[in-house]
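The values are calculated or read from the model by the stated rules, or taken from the named source; none is laboratory data. Please read all numbers here as calculations on a predicted model, not as lab measurements. Ideal geometry is used to build each Cβ from the backbone, glycine not excepted, and the neighbour counts take in all protein chains shown.
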Amino acid sequence: TASGEVFDNSKLTAANMRLPFGTQVKITNLRTGKSVIVRINDRGPFIKGRDLDLSKTAFFKIAPSRLSGTMKVKIEIIKKKIIK
């Protein structure tokens, strides 16, 4: 990952272009109401119109099915990492 951490799809992590590494974010699927808390550890996504890339484990916790690819979500910062 861009943070130097080895990527692990089994962890609850996400990529975002602006939030500091270590920031905890609550992601809520607007269709199902399911939510998950992830930690930002990478940069991305690099596709216009997308704000986050979730690890597979995080995605499957809120996806309506394993066949889903993208979804509309609410993003709430739980704990922002302060860079010193």
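Data overview
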item: Only one of Leu54, Leu30 that is of a type in the set (A, V, I, L, M) and within 11 Å of the chain's Cα centre (by Cα); result: Leu54
item: Any hit, region 52-59, residues being modelled with pLDDT of 95 or more, in contact with a Leu (Cβ under 9 Å, 6 or more places away or on another chain), aliphatic (A, V, I, L, M) and part of a helix (DSSP H, G or I); result: yes
item: Members of region 1-55 found to be charged (D, E, K, R) and under 18 Å from Ser65 (Cα atoms), listed by number; result: Arg31, Lys34, Asp53
item: Filtered residues of region 1-24 (kept if closer than 18 Å to Ser35 by Cα and either out of contact with any Ser or Thr (no Cβ under 8 Å at 6 or more places or on another chain) or part of a loop (DSSP other than H, G, I, E, B) (or both)); result: Asn9, Ser10, Lys11, Leu12, Asn16, Thr23, Gln24
item: Condition check for Val36: out of contact with any helix residue (DSSP H, G or I) (no Cβ under 7 Å at 6 or more places or on another chain), in contact (Cβ under 8 Å) with a residue 12 or more places away in the chain, in a strand (DSSP E or B) and closer than 17 Å to Lys72 by Cα; result: no
